[in-house]
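**Student:** Take this structure, written in structure tokens, and hold onto it; I'll ask about it next.
The values are calculated or read from the model by the stated rules, or taken from the named source; none is laboratory data. Since we're looking at a predicted model, the values are computed, not measured. Glycine also receives a Cβ, built like all others from the backbone with ideal geometry; neighbour counts cover every protein chain displayed. Keep in mind that these areas ignore ligands, DNA and RNA; they rest on the heavy atoms of the full protein, side chains included. Shrake-Rupley method; radii C 1.70, N 1.55, O 1.52, S 1.80 Å.
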There are 2 protein chains.
Amino acid sequence: MEQLGTHRHGDRILGGDRQSCGECEIRDLTFCSVLTAEEMARVRACRTEVKLPAHHTIFHEADEADHLFNVTSGVVKLYKLLADGRRQITGFLFAGEFLGLAANRTYAYTAETVTEAKLCRFSRRRLEKLFDEWPHLEKHLLGIAASELIAAQDQMVLLGRKTAQEKMASFILMMSERAEARGQDGNPVTLPMNRADIGDYLGLTIETVSRTLTQLKNKGVISLMGSGHILLSKPDDLGDLAEGF
Amino acid sequence: MEQLGTHRHGDRILGGDRQSCGECEIRDLTFCSVLTAEEMARVRACRTEVKLPAHHTIFHEADEADHLFNVTSGVVKLYKLLADGRRQITGFLFAGEFLGLAANRTYAYTAETVTEAKLCRFSRRRLEKLFDEWPHLEKHLLGIAASELIAAQDQMVLLGRKTAQEKMASFILMMSERAEARGQDGNPVTLPMNRADIGDYLGLTIETVSRTLTQLKNKGVISLMGSGHILLSKPDDLGDLAEGF
DNA sequence: CGTCGTCTTTGATGTATATCAATGGTCAAA
DNA sequence: TTTGACCATTGATATACATCAAAGACGACG
């Protein structure tokens, strides 16, 4: 049985598993897609698969950064806290996405599951040895880091300069586009996180998120279909709103 | 004579130069610090040094990302624009810092000098060949990207969740710390950019930047010494304000 | 199939920051 | 030394969003 992060409200950690890289359904979404059979075997050796319930902390900000993770199913959020509890979510991660990059020896943010999730957990130490042997893996990681940097800059524009409506429209569109990039349906789009998480991602309060969604609904650009499903009735108009037209 | 970016208000581009890596005063601040003599020679071969006047565009968002740059002196800002002209500055770069990382083939932001500045300009194509030969260079670049990612996340917290006073205090402290990291004096600290740039970096207006500075002055934590110089009278109190205590 | 707890929506009010407007500094050129 | 352009400061007012408060929804569980 895997120990990973802290256990809140007595959640049970579901078992680890070392078998299943071969059947991995999302391999072509991950950095595993660039591995040869030989590399794959070596990577598998420093890997454990863990299954976590919803709302479970994977690691805390300032923990020793001993592991890297790949989300294989479910949704994960990353966040930082201010002293008084104000929270900024810096990203949501879906199947195929990567977390754990750290500049120092410690994590710079807390990672927590939004839904039940499975993750591949890699030993940083052992993975780094592989990187030394196969530099193209590191090259791939640099590509991932560069993309994340671009996304971070877009998020700065959103947080610093967009209105609540523009933020909300951008968010819905981004979620839709990312679902399609994973091969899922982008319309209607599923928002697996609650209003508090959306607010902490967009720099808004719960109430403003809710009100802004009703505004978009009243404008006829979206329909709220319940349990986190949103229909994009006029995707182009939503795009215009996102960019401030 | 070097052509680089666009020329605004008829600025003259000051001459390029291929000689001076040996005398480079800031080499140990840059990624050149990890180079052997042989590597250095090869890197120098794909390098041009350019000197630019203040307020000169180095490259535009969506330009072909043919070059990487290292700031050797002066200050550079990176920004993105919304359709109606709203601007978010995503970073200021000082001597020793790196720009031009791009996920796609095009730059994701505009880069512009704040002061007169010198930059080492590298051909991306040729530099990438070197990276293939010497993977430790790529490893170093990955480290840089990881640090920038951490910084970007801190900036998201600032933009999404901090008050004007906390933003301003954080900014002054960051500028002070970065000056010290470059071996310059961190107190008094020099802010080479104008109020508009500070506002566009912090998600505030010019007026709010100005008012917030006067507030901090009236609290006695800083003194405004004219022409962009600020004395940190009570650095610890400023730190508390930055974190929301 | 009701009840409880949690999440979401909606309403009333407050406030931090933006906007609009004017004045004051500073520096370079005349 | 004066002029003019630009930038920073300060004041008055507006507003987008936050905060405080209550009422609905929804799902889990007995």
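**Student:** Check off (1) of a type in the set (V, I, T); (2) within 16 Å of DNA strand C (Cβ to nearest atom); (3) not in a loop (DSSP other than H, G, I, E, B) for B:T115 and give me the number that stays unchecked.
**Tutor:** (3)
**Student:** Within the range A:149-166, count every residue that is within 7 Å of another protein chain (Cβ to nearest Cβ), in contact (Cβ under 8 Å) with a residue 60 or more places away in the chain and within 16 Å of B:Y107 (Cα to Cα).
**Tutor:** Number of matching residues: 1.
Table: residues versus (1) among the charged types (D, E, K, R); (2) closer than 30 Å to A:G228 by Cα.
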| position | (1), (2) |
| --- | --- |
| A:I26 | no, yes |
| A:T36 | no, no |
| A:H55 | no, yes |
| A:I58 | no, yes |
| A:D63 | yes, no |
| A:R87 | yes, yes |
| A:N104 | no, no |
| A:K129 | yes, no |
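**Student:** Considering only residues that are open to solvent by 50 Å² or more (accessible area, probe 1.4 Å) and either in contact (Cβ under 8 Å) with a residue 24 or more places away in the chain or more than 9 Å from chain B (Cβ to nearest Cβ) (or both), which ones fall in the range A:126-143?
**Tutor:** A:R126, A:E128, A:K129, A:E133, A:H136, A:H140
**Student:** Could we say that B:V157 is buried (at least 16 other Cβ atoms within 10 Å of the Cβ) and more than 26 Å from B:S73 (Cβ to Cβ) here?
**Tutor:** yes
**Student:** Let me ask something additional. Applying the selection to the range A:60-90, what residues are aromatic (F, W, Y) and in contact with a Ser or Thr (Cβ under 7 Å, 6 or more places away or on another chain)?
**Tutor:** Correct list: A:Y79 only.
**Student:** Filter the range B:200-215 down to the residues that are away from DNA strand D (no atom under 11 Å from the Cβ) and either open to solvent by 30 Å² or more (accessible area, probe 1.4 Å) or at negative phi (or both) and list them by number.
**Tutor:** Across the range B:200-215, the qualifying residues are B:D200, B:Y201, B:L202, B:L204.
**Student:** So in the range B:225-239, with the set limited to residues that are away from chain A (no Cβ under 14 Å) and assigned to a helix (DSSP H, G or I), which one is least open to solvent (accessible area, probe 1.4 Å)?
**Tutor:** The extreme case among them is B:L238.
**Student:** Then there is this: Taking the options B:A242, B:A169, B:A146, name whichever one is surrounded by 15 or more Cβ atoms within 10 Å (Cβ to Cβ) and within 8 Å of chain A (Cβ to nearest Cβ).
**Tutor:** B:A146
**Student:** Residues of the range A:50-81 being closer than 25 Å to B:G244 by Cβ, open to solvent by less than 40 Å² (accessible area, probe 1.4 Å) and within 14 Å of another protein chain (Cβ to nearest Cβ), which ones?
**Tutor:** A:K77, A:L78, A:Y79, A:K80
**Student:** Here's another thing I want to ask about it. Within the range A:82-125, how many residues turn out to be surrounded by fewer than 22 Cβ atoms within 10 Å (Cβ to Cβ), at the interface with chain B (Cβ under 10 Å from one of its Cβ atoms) and touching a strand residue (DSSP E or B) at 6+ places or on another chain (Cβ under 6 Å)?
**Tutor:** Residues in the range A:82-125 being surrounded by fewer than 22 Cβ atoms within 10 Å (Cβ to Cβ), at the interface with chain B (Cβ under 10 Å from one of its Cβ atoms) and touching a strand residue (DSSP E or B) at 6+ places or on another chain (Cβ under 6 Å): 2 in total.
**Student:** Do you know which residues across the range A:1-40 are part of a loop (DSSP other than H, G, I, E, B), at pLDDT 80 or above and not charged (D, E, K, R)?
**Tutor:** Listed by number, the residues that qualify are A:C24, A:I26, A:T30, A:L35, A:T36.
**Student:** Need at least 1 residues that are in the same structural domain as B:E177 (by TED's automatic domain parsing) and more than 25 Å from A:G239 (Cα to Cα) per element, so show me which strands (runs of 3 or more DSSP E) inside the range B:55-100 make the cut, counting only ones lying wholly within it.
**Tutor:** none
For (1) within 16 Å of DNA strand C (Cβ to nearest atom); (2) within 20 Å of the chain's Cα centre (by Cα), each residue gets a yes or a no:
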residue	(1), (2)
A:A164	yes, no
A:S170	no, yes
A:G183	no, yes
A:A196	yes, yes
A:I222	yes, no
A:L241	no, no
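**Student:** Give the residue that is nearest to DNA strand D (Cβ to nearest atom), with candidates limited to residues of the range B:172-199 that are more than 25 Å from B:M156 (Cβ to Cβ) and of a type in the set (S, T, N, Q).
**Tutor:** My answer is B:T190.
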